[in-house]
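Heads up: the structure comes next, in structure tokens.
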Amino acid sequence: MNGVLAKATWPEAEGAGLVLVPVGSLEQHGPHLPLDTDTVIAEAVTRGVAERLMGAWVAPALSYGASGEHQSFPGTISVGTEVLHQVVVELVRSLRTWATRVVFVNAHGGNVRALSSAIDQLVEEGHVVAWVPCAPEEHDLHAGFTETSLMLHLRPETVRVDRAAAGCTAPLAEILESMINNGVGAVSPNGVLGDPAGATAEEGRWLLNNLIDDVCDRLSVVGAR
């Protein structure tokens, strides 16, 4: 049975194969996108992937991530890298008592360090586990055209189109050191790294399908299909 894990009964989950865990964040996404943007995207991609894979389950999302770079903006809630690392470790140790494989589908760049270190530790412990990103190869960094298009497709009622405005559009390499040392607010007062101009729901639909395709391909590479 494919499905949403939270709605299953324990006999239905017994002997589960692949469990997919969306990973997002609760952080500022400029003046026009909701705080849970990353989580919404991660959940949508994960659901799309599960629909294509026989026997896959979708676990509830990890909606609190490592978002310290956004902490100067109200609404952001970050648990940090160390806590997220340990949460991932403990979740997998629990999941693997009844599930064969676990894959985290991540939509927030700030979570990468925690996921990478946790997966390394878990693999050393003998667990069958991996993580994959769900981000287009070519995209603006944060709350710009890409994420705005996705949210216009996935949850348009939460997009404040009238408040959308460009932020810092410099390449990541130029602003990374300043962001690490001083946070996103130091390089973009409105919290946007990119430009949402021209974003459409149609583009968001196309992006979502591409993300689902990409994650499915990545799962083949890590042997999780």
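Each reported figure results from applying straightforward, stated rules to the coordinates on display, with no laboratory input. These figures come from a predicted structure and were not determined experimentally. Glycine gets a Cβ as well: all are built from the backbone with ideal geometry, and neighbour counts include every protein chain shown.
Taking each residue as 0.36 nm, the span from V221 to W98 lengthens on full extension beyond its C-alpha to C-alpha distance by 41.9 nm. Of all the options A107, A173, A135, the one that moves most in a Gaussian network model of the chain with Cα springs shorter than 10 angstrom is A173.
Multiplying the residue separation of E90 and A8 by 0.36 nm and removing their Cα-Cα distance gives an extension gain of 27.4 nm. The label-point distance for A165 and S72, in a model that sets each label 7 Å from Cα toward Cβ, rounds to 1.6 nm. Rounded to the nearest 500, the 222 nm mean residue ellipticity of the chain from helices alone is -13000 deg cm²/dmol, with -39,500 (n - 2.57) taken per DSSP H run of at least 4 residues. Taking 0.36 nm per residue of sequence separation and removing the Cα-Cα distance, the V83/R113 pair yields an extension gain of 9.7 nm. Considered as an equivalent ellipsoid built on the Cα gyration tensor, the chain has semi-axes of 30, 20, 14 Å, the largest given first.
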